[in-house]
Amino acid sequence: MRTVSDRQPTDAAADGSLSIALAQIRVEAGRVERNVDRAVSAVERAAARGADLVALPELFNVGYFAFDRYARLSEPFDGETFTALRTAAADNDVAVLAGSIVEDLAATETVPTPADEGLANTAALFDAAGDLQLVYRKHHLFGYQSAESELLVPGERLETATIEGVTAGVTTCYDLRFPELYRRLVDEGAELVLVPSAWPYPRIEHWETLSRARAIENQCYVATINGAGTFDTDDGETTLLGRSTVYDPWGVSLASSGDDPTLVAADVDRETVADVRAAFPALRDRRF
């Protein structure tokens, strides 16, 4: 396991690469203030150690499995959670993927929404100045032993943004099972896909295999950011499996974690993406 504490600040961005840190924080159901404080602290620690981009897990403020609290704890896009992370980005001169919150679409006025009302699973990417670069609302809503598909409105827009010269896209958790979404991002120039998640035990093999496959078939970096913690559910306790990981365009794990809170760090090099695609031109050989 390689964590941020194992590495020293570098000038990675200066030579065309991006130093990323995956903030695998502990998430407590419904404890928004405490969870956001953990997220801001993780941003500060990662920035102090040289990260150019810090990424947070899915529904890091509310807790994915707190379905009964989604409506009560939902926020407009410019609510307290995203404001805190936008401020942390600017204060620490580091890009932040705030990935994600339960958004109250009816209360959102500053960005386009997929519906006039309802709730969405919404991630936001802020640059090092705190400026919004990308909005992603989870496209595929999970229905297996989950209330997500009943409670949320799916996203429609798929965007990319450039951070320190690297073109990045975002998907969320269950989206990993739908490879066509990643093809669309690659066609838009994505060299890195960030995947905030709340992936639980026991599906470790699915988590690792799907993430690696998306990197291999699209010849891009894939960074999966999972949370840590245990939740009370109708089926008993559900525990997030952690294992936040950065895969390179060959599908090799560059850095990963166990299931405890930690910061996972790796460097993303856009020239590596170009070299892999040139040496093994699978994307060029596509017929569909």
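Laboratory data are not the source of any read-out in this text; all were calculated from the coordinates shown. None of these values were measured; they are calculated from a predicted model. FYI the Cβ positions are ideal-geometry reconstructions off the backbone, even for glycines, and counts take in every protein chain you see.
Please figure out what share of the DSSP beta bridges in the range 40-151 is antiparallel and state it in percent, rounded to the nearest 5. Present the calculation step by step, with values, prior to reporting the outcome.
On the way: 13 of 17 bridges.
Restricted to the range 40-151, the bridges split so that about 75 percent are antiparallel.
Which percent, nearest 5, of DSSP beta bridges in the chain are antiparallel? Before the final figure, lay out the partial values.
Details: 37 of 54 bridges.
Within the chain, antiparallel bridges account for around 70 percent of the total.
Averaging over every viewing direction, what projected area does the convex hull of the Cα atoms of the range 246-288 cover, in nm²?
Numbers: hull surface 17.0 nm².
Averaging across all directions leaves 4.2 nm² for the Cα convex hull.
Rounded to whole Å and ordered largest first, report the semi-axes of the equivalent ellipsoid of the range 178-230 derived from its Cα gyration tensor (root of 5λ). Mind showing how you got there, number by number?
Working: eigenvalues 98, 26, 14 Å².
Each semi-axis is the square root of five times an eigenvalue, giving 22, 11, 8 Å.
Work through the residues other than R212 whose Cβ is under 13 Å from its Cβ and net out their charges, Lys, Arg +1 and Asp, Glu -1. The partial results should precede the final answer.
Working: positive: R214, R243; negative: E205, E208, E217, D248.
Around R212, the charge tally is -2.
³J(HN,Hα) across the range 26-36 via Karplus (A = 6.51, B = -1.76, C = 1.60, θ = phi - 60°), whole Hz, x for Gly/Pro?
6, 10, 10, 4, x, 8, 4, 4, 5, 5, 5
Could you tell me how many degrees, from 0 to 90 and to the nearest 10, lie between the Cα long axis of helix 80-92 and the main elongation axis, the longest principal axis, of the Cα atoms of the chain?
30
Could you compute the FRET efficiency for A107 and A279, with r as their C-beta to C-beta distance and R0 at 51 Å, rounded to 0.05?
0.55
Residue by residue through the range 159-170, what is 3J(HN,Hα) from phi via Karplus (6.51 cos²θ - 1.76 cosθ + 1.60, θ = phi - 60°)? Round to whole Hz and write x for glycine and proline.
After applying 6.51 cos²θ - 1.76 cosθ + 1.60, I find 10, 10, 9, 10, 10, 6, x, 9, 7, 10, x, 10 Hz.
Given N residues in the range 71-183, what is Rg(Cα) / (2.2 N^0.38 Å)? If you can, show how the numbers build up before the last one.
On the way: Rg = 14.0 Å, N = 113, 2.2 N^0.38 = 13.3 Å.
The range 71-183 yields a ratio of 1.06.
Could you tell me which of rounded, prolate or oblate describes the chain, using a ≥ b ≥ c as the square roots of the eigenvalues of the alpha-carbon gyration tensor, with rounded for a/c under 1.5 and, failing that, prolate when a/b is larger than b/c and oblate otherwise?
Rounded, because the longest to shortest axis ratio a/c is under 1.5.
Based on the mean of other Cβ atoms within 10 Å per residue, sort peptides 33-46, 106-119 so the most packed one is first. Numbers along the way, then the final one.
Numbers: 33-46: 19.6, 106-119: 14.1.
Sorting 33-46, 106-119 by mean packing, highest first, produces 33-46, 106-119.
Using amide H atoms built in the peptide plane, which far-off residues or other-chain residues are under 5 Å from T233 H to H?
T238
Largest first and in whole Å, what are the equivalent-ellipsoid semi-axes of the range 132-272 based on the Cα gyration tensor, each being the root of 5 times an eigenvalue?
They are 25, 19, 13 Å, listed largest first.
Roughly how many nanometres apart are two label points built 7 Å out from the Cα toward the Cβ at T87 and S253?
Computed distance between label sites T87 and S253 equals 3.7 nm.
Taking Cα atoms, how many degrees apart are the long axis of helix 204-218 and the longest axis of the chain, rounded to 10 and kept between 0 and 90?
For helix 204-218, the angle is close to 50 degrees.
Would you please put 133-141, 53-61, 147-155, 235-243 in order of how densely packed they are, using the mean number of other Cβ atoms within 10 angstrom per residue and starting with the highest?
Working: 133-141: 21.4, 53-61: 30.1, 147-155: 17.9, 235-243: 16.3.
Put in order of decreasing packing, that is 53-61, 133-141, 147-155, 235-243.
Under the Karplus relation 6.51 cos²θ - 1.76 cosθ + 1.60, θ = phi - 60°, what is the ordered set of whole-Hz ³J(HN,Hα) values for the range 222-235, x standing for Gly and Pro?
Running phi through 6.51 cos²θ - 1.76 cosθ + 1.60 with θ = phi - 60° gives 10, 10, 9, 10, 9, x, 10, x, 10, 10, 7, 10, 4, 9 Hz.
Using label points projected 7 Å from each Cα along Cα→Cβ, tell me how many nm separate H206 and A48, to one decimal.
3.8
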